[in-house]
Amino acid sequence: MIKNKKISKFAISIVEELQKNKFQAYLVGGCVRDLMCGITPKDFDIATNATPNEIRKIFKASRIIGKRFKLVHIFNRSELIEVATFRSGVDEANEGNLVTDHSGKILRDNIWGTLEQDTFRRDFTINALYYCPISRKIEDYNSGINHINKRKIVSIGDPMKRFSEDPVRSLRAIRFSNKLNFKIDKDIKNAIYKKGHLLENISNARLFDEFCKIFLGGIAEKNFNKIVSFNLSRYLILTDSNSSDFSQKLIKEALKNTDKRVENNQSITPGFLIAAMLWPELLRKSRSNKEINLRKFFRSMDQILREQQKITAIPRKFHSYIKDIWVLQLKLHSRIGKQPYKTFKHPRFRAAYDFLLIRERASSCYSDLGEWWTKFQKNNSASQKQQILNLKDISEENSFKKFGFQEELI
């Protein structure tokens, strides 16, 4: 059923070495699931009954990471494989002694366990498959193979309880459903609706990681639509509950653009997507009588990034990138004198230009601005100069209203 030639040779060698040292070792989770679904895995994780210190003694090129629960990273020149020790999950014996925080999120310590115990503490049945590439056998304690055949996302245990334990499982269920084109079990759907609010208590760093998995994997638009249908978007992006049609169109156009770039193997960055998705909020805070108030515009940029930071962590390296894209939207409207040449030479010009085209696609108001900049990039210096001269009778001000973008400011 699973072909070893699709598995990392380095990962197989780690399993072999652990087994030579009398430990159990399996490929586990998403890589096994993807292999069974005909998808080439990006990562290979291993689970074993060896403790982190025991793993560390076997593999010199390794390091122990984590505080609350330790994992081992084993690496060579080109790969890094994560190895986890079997954990014990919640069982009926300690079910009555669960500790929760003020929000209802279940808190419990991780302790080492057996293979069987490890399978029951995982989130979904399709992620609880353990494959030994040596014997070529699959350990399946939760009917994961059956649910893969039925193309269905099913929780291990009561999803109400499991989603209280880890609210991010709501987002993972949606992501796996769209990635694999599987249906979500009705009990999971109910748990998402009733426990989704617990995402409010998840760390912003973890939600940024989930943001990237959801929106940078090639099915961003599809994921966003389903997240909105479950009313979870506010836990990933700062949005106005009364957002305009333009705002919704803009976000979807940005997501479509990202999906297209993934499909074409073009570079993508969360910074660009965040800049696009927060643009309507920046305009909302910057408008004055349906025009941009420049003082409010510049003053609001850092404020909005701070507000988004409370939801998802944004690595500092993206802050200036995002603000450059925003400021260049103003400069792209200024096409007199030497300004077009300065704008064109800006290191973020291409990203800002791409965003301008997205804004235009989202708007029902016609503007020739994107077309003008498309020609400007292709033209030689003489033709560029003539383009600018042809605009001499146009009043160039930093006002979106004069260029057909009234819709953005509603």
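The values are calculated or read from the model by the stated rules, or taken from the named source; none is laboratory data. None of these values were measured; they are calculated from a predicted model. Glycine also receives a Cβ, built like all others from the backbone with ideal geometry; neighbour counts cover every protein chain displayed. Remember, those area values only see protein heavy atoms, side chains included, never the ligands or the DNA or RNA. Shrake-Rupley method; radii C 1.70, N 1.55, O 1.52, S 1.80 Å.
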Which is polar (S, T, N, Q), in contact (Cβ under 8 Å) with a residue 60 or more places away in the chain and either farther than 25 Å from Asn127 by Cα or assigned to a helix (DSSP H, G or I) (or both), of Asn265, Asn257, Asn225? Asn257
Can Pro280 be described as in contact with a Ser or Thr (Cβ under 7 Å, 6 or more places away or on another chain) and farther than 16 Å from Glu221 by Cα? yes
Within the range 159-185, tally of residues that are of a type in the set (A, V, I, L, M), open to solvent by 20 Å² or more (accessible area, probe 1.4 Å) and either touching a strand residue (DSSP E or B) at 6+ places or on another chain (Cβ under 9 Å) or not in a helix (DSSP H, G or I) (or both): 0
Every residue in the range 373-383 that is in a helix (DSSP H, G or I) and either surrounded by fewer than 17 Cβ atoms within 10 Å (Cβ to Cβ) or within 28 Å of the chain's Cα centre (by Cα) (or both), please. Thr374, Lys375, Gln377, Lys378, Ser381, Ala382, Ser383
Residues located in the range 340-364, provided they are open to solvent by 50 Å² or more (accessible area, probe 1.4 Å) and either at pLDDT below 95 or among the aromatic types (Phe, Trp, Tyr) (or both): Tyr341, Phe344, Arg361, Ser364
Search result, residues across the range 1-50 that are in a loop (DSSP other than H, G, I, E, B), modelled with pLDDT of 95 or more and within 25 Å of Ile111 (Cα to Cα): Asn21, Lys22, Phe23, Gln24, Phe44, Asn49, Ala50
In this structure, does Leu328 turn out to be touching a residue at least 12 places away in the same chain (Cβ under 8 Å), within 19 Å of Ser383 (Cβ to Cβ), surrounded by 16 or more Cβ atoms within 10 Å (Cβ to Cβ) and in contact with a helix residue (DSSP H, G or I) (Cβ under 6 Å, 6 or more places away or on another chain)? no
Is it the case that Lys213 is of a type outside the set (Gly, Ala, Ser), surrounded by fewer than 20 Cβ atoms within 10 Å (Cβ to Cβ) and in contact (Cβ under 8 Å) with a residue 24 or more places away in the chain? yes
Looking at the range 272-293, can you tell me whether even one residue there is of a type in the set (D, E, K, R), within 25 Å of the chain's Cα centre (by Cα) and open to solvent by less than 20 Å² (accessible area, probe 1.4 Å)? yes
With respect to the numbered conditions (1) closer than 23 Å to Asp245 by Cβ; (2) outside any helix (DSSP H, G or I), which one is the sole condition not fulfilled by Ile314? (1)
If you take the residues in the range 228-248 that are in contact (Cβ under 8 Å) with a residue 60 or more places away in the chain and not in a helix (DSSP H, G or I), which one is farthest from Leu282 (Cα to Cα)? Phe230
Considering Ile192, Ile227, Ile214, Ile188, which residue is at pLDDT 95 or above and within 22 Å of Leu129 (Cα to Cα)? Ile188
In the set Lys9, Lys3, Lys42, the lone residue that is over 22 Å from Arg121 (Cα atoms), within 23 Å of the chain's Cα centre (by Cα), surrounded by fewer than 14 Cβ atoms within 10 Å (Cβ to Cβ) and of a type outside the set (Ser, Thr, Tyr) is Lys42
Out of the range 27-44, which residues are more than 21 Å from Leu115 (Cα to Cα) and small (Gly, Ala, Ser)? Gly38
Of Ser103, Ser62, Ser88, which residue is at pLDDT below 95, of a type in the set (S, T, N, Q) and surrounded by 15 or more Cβ atoms within 10 Å (Cβ to Cβ)? Ser88
State all residues of the range 294-311 that are open to solvent by 50 Å² or more (accessible area, probe 1.4 Å), within 18 Å of Leu236 (Cβ to Cβ) and either free of Cβ contacts under 8 Å to residues at least 40 places away in the same chain or not in a helix (DSSP H, G or I) (or both); if no residue qualifies, say none. Arg306
Failed item, numbered, when Asp324 is tested on (1) in a helix (DSSP H, G or I); (2) at pLDDT below 95: (2)
